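Have a look at the structure below before the remarks.
The values are calculated or read from the model by the stated rules, or taken from the named source; none is laboratory data. Computed from a predicted model, the values in this text were never measured in an experiment. Quick reminder, even Gly has a Cβ in these numbers, built from the backbone with ideal geometry, and neighbours come from all protein chains shown. Just so you know, the surface numbers come from the protein's heavy atoms only, side chains and all, with ligands and any DNA or RNA stripped out. Shrake-Rupley method; radii C 1.70, N 1.55, O 1.52, S 1.80 Å.
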Amino acid sequence: MSSSTESVLDEQGDYQWPWCQMGHFGINFIQSDDSKAYVEGDLTRAYIKDYDLLKASKRPKPEETEELIQTDLSEMSLKEDETEALGEASDKLLDEKDRAFEVLPKWSSDKRKGKKKKGKGRYNYHSFKEYWDVSCFWLTQLTWLNDFGEQMTEDNRKELTKQCDEMKPIYPIDHHENLLENSDYQNVTKKMIETNPEATFEEIYAEHCSIIKKQSEIDYHIFQTKEVTRRCKDMISRVKRLGYAPGFEETQFPAFYNLEDHSKIREKPVIKEIRYTIDEAYAKKFCGADPRDEKTDESTASTSDINIQQESSSQNNITNDNPSEIRFNFNPETEQHLIASNAEKLYANDPEISKYYWQRYRLFSRLDEGIIMDREGWFSVTPEAIAEHIADRVVRHNVSVVVDAFTGVGGNAIQFALRGAHVIAIDMDPVRLKCARENARVYGVEDYIDFICADFFDVAATWTMDKKMAPKVDAVFLSPPWGGPSYLKAKEFDLETGCCPNGVDIFDVSLKISPNIAYFLPRNTKVSQLTELAIKAKSRMEIEQSSLNSKIKTITVYYGKLAYREKSQKEEN
Ligand code: MGP
Ligand code: SAH
């Protein structure tokens, strides 16, 4: 696919299912070693529907349960006691009446350029320089007028008052809102005049400007800290309204740490600056609809603390300790418990699994043609429509070889292969890998998939140590175990402790194989952790929610070239 075709497709979000970009963010971080990092990304959603497959699964519940989610500058004069304080020097200055005005730089209407920013609300200045450019005339002249206006002629005083009025920035920082009431901005050159009565107006004016600038810079930074903290909190509440689990902690916001304090060990990257846009229309549409609070659209949803992996191993009566005993051929006589279409009876007393049976065709539309699954396969296989969408997204980026590092029963591997990719399918569980191969046969794509029964960490280590052993990999897909169906019990899913193996370690190892990673994760995974992965990958990111029949089921996080990029951004690079 040519890159121009690719950008057109991506720009449209021209996927099989309706897709939208709900938000965009850019965050500057300071990491634990004081280094800086920038992460840019998008929050998106794919609206996938599979009502037909759900219907065919003969759900016992009625259809309705599907529709769930879902400064008047009046003349200023020095007060009497302040005028006295200026002492003899002031008297001398009074003789030279208009020098207090003439020393000022010539005003021209050009200086207004860049001052007015259109739009409502606050303007987010990018730097002190930007703020100073917009406000220096007003800050220096108004304070000068306040300190020396009495020594000007009536006309000049009026003229300067008018200019100051016109040059007031639309969005002054809080400290400058009532500038002349702020003691930090009154009689700023008093000390200089007292210690150097011979000082000329030129010298006094230069000192005046320098002091005003220094004070403004201090106040600007205090203001910025408050602003960035406010923006952090605001972004987090909006992200929550979209159904994500933000995962950021207050200690990561500027108001809660001291940037200068290098002695403090920071455990997590802290936010220096944050910018975002969130589409309010989407935020409103799903306002208050935390998908985790919603009822399920499945029949007998329940959760349990049972250690699913142990159960699975005992049920299959196979351990991974002795790979030489593994038999990869499926025997329908002796392994009837794996046949998916027979599972109703097998799992009749196992509500955790029977709920998946009652949505079985959404897992594999060709389930009755010989699909096989073990217990863990049932609750961890990616629903077919979601797997189709992910495959479409991954393969369209000139991806011909995909590593499916946690293949399971093959839900994703099959869809990558169906879209023409060559798949390297890895799983350390021989029974599940056997299921994957059998299922790939049902879909006619077994020849496009290499099955490797091994620990992904071992495979990755082999490929990393010996480059000759390593295939050319275009993308890595990750769908590790989430610790069983109880992953939704916690408000926020922790990538490090929730995934087994550790989800951060999995990502680190995958990065050594390819920068292009699609990470399939629980919908309540902490956005903060996903952002930290993007810092490591030095890549942009996209967190895509898979909405299945209006319910957010899962998220897929794309890194590297798999992440959404607007056409204009593509052209820039
Ligand atoms: P789910 O637990 O069935 O959520 O998982 P749902 O349907 O929202 O449940 P409810 O009780 O809130 O109604 C949804 C999907 O996530 C499953 O169909 C799987 O595709 C995927 N999934 C679930 N688990 C527990 C795992 C897992 O451990 N690993 C992987 N890779 N996918 C999983
Ligand atoms: N996407 C799959 C489901 C994956 S479930 C599908 O659609 O079917 C997660 C799988 O990861 C399980 O099958 C489990 O056996 C496997 N797994 C867990 N740890 C692993 C490891 N270290 N290396 C390889 N596979 C692993």
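Please tell me if residue 535 is surrounded by 23 or more Cβ atoms within 10 Å (Cβ to Cβ), among the hydrophobic types (A, V, I, L, M, F, W, C) and closer than 27 Å to residue 276 by Cα.
no
Any idea how many residues of the range 487-506 are surrounded by 23 or more Cβ atoms within 10 Å (Cβ to Cβ) and within 20 Å of residue 29 (Cα to Cα)?
Count: 1.
Do we find a residue being modelled with pLDDT of 95 or more, within 14 Å of ligand 2 (Cβ to nearest atom) and touching a Cys at 6+ places or on another chain (Cβ under 8 Å) anywhere in the range 489-505?
No: the range 489-505 contains no residue that is modelled with pLDDT of 95 or more, within 14 Å of ligand 2 (Cβ to nearest atom) and touching a Cys at 6+ places or on another chain (Cβ under 8 Å).
Can you tell me which of 425, 440 is in contact with a helix residue (DSSP H, G or I) (Cβ under 9 Å, 6 or more places away or on another chain) and either part of a strand (DSSP E or B) or outside the structural domain of residue 541 (by TED's automatic domain parsing) (or both)?
425
Look through 526, 570 and report the one residue that is modelled with pLDDT under 95, open to solvent by 10 Å² or more (accessible area, probe 1.4 Å), over 23 Å from residue 432 (Cβ atoms) and away from ligand 1 (no atom under 16 Å from the Cβ).
570
Give the range 476-513 a look and list any residue that's farther than 28 Å from residue 350 by Cβ and over 21 Å from the mean Cα position of the chain (by Cα), or say none.
509, 512, 513 - these are the residues of the range 476-513 that are farther than 28 Å from residue 350 by Cβ and over 21 Å from the mean Cα position of the chain (by Cα).
Before we move on, is residue 417 crowded, with 24+ Cβ neighbours inside 10 Å, away from ligand 2 (no atom under 11 Å from the Cβ) and in a helix (DSSP H, G or I)?
For residue 417, the condition - crowded, with 24+ Cβ neighbours inside 10 Å, away from ligand 2 (no atom under 11 Å from the Cβ) and in a helix (DSSP H, G or I) - is met.
Mind checking which residues of the range 148-205 are outside any loop (DSSP other than H, G, I, E, B), among the acidic types (Asp, Glu) and farther than 30 Å from residue 127 by Cβ?
Residues satisfying the conditions are 150, 154, 155, 159, 194.
Please determine whether any residue of the range 190-213 is closer than 30 Å to residue 275 by Cα, of a type in the set (Lys, Arg) and open to solvent by 40 Å² or more (accessible area, probe 1.4 Å).
Yes, the range 190-213 has at least one match.
Among the candidates 373, 428, which residue alone is within 16 Å of ligand 1 (Cβ to nearest atom), open to solvent by 10 Å² or more (accessible area, probe 1.4 Å) and among the aliphatic types (A, V, I, L, M)?
Just a single option satisfies the conditions, and that option is 428.
Taking the stated definitions as given, is residue 510 part of a strand (DSSP E or B), open to solvent by less than 10 Å² (accessible area, probe 1.4 Å) and touching a strand residue (DSSP E or B) at 6+ places or on another chain (Cβ under 9 Å)?
Against the criterion (part of a strand (DSSP E or B), open to solvent by less than 10 Å² (accessible area, probe 1.4 Å) and touching a strand residue (DSSP E or B) at 6+ places or on another chain (Cβ under 9 Å)), residue 510 does not qualify.
Condition test on residue 366, is it over 30 Å from residue 564 (Cβ atoms), within 14 Å of ligand 1 (Cβ to nearest atom) and either hydroxyl-bearing (Ser, Thr, Tyr) or assigned by TED's automatic domain parsing to the domain that holds residue 453 (or both)?
Against the criterion (over 30 Å from residue 564 (Cβ atoms), within 14 Å of ligand 1 (Cβ to nearest atom) and either hydroxyl-bearing (Ser, Thr, Tyr) or assigned by TED's automatic domain parsing to the domain that holds residue 453 (or both)), residue 366 does not qualify.
Every residue in the range 376-410 that is open to solvent by 10 Å² or more (accessible area, probe 1.4 Å), within 12 Å of ligand 1 (Cβ to nearest atom) and either under 16 Å from residue 548 (Cβ atoms) or not in a loop (DSSP other than H, G, I, E, B) (or both), please.
376, 379, 380, 381, 383, 384
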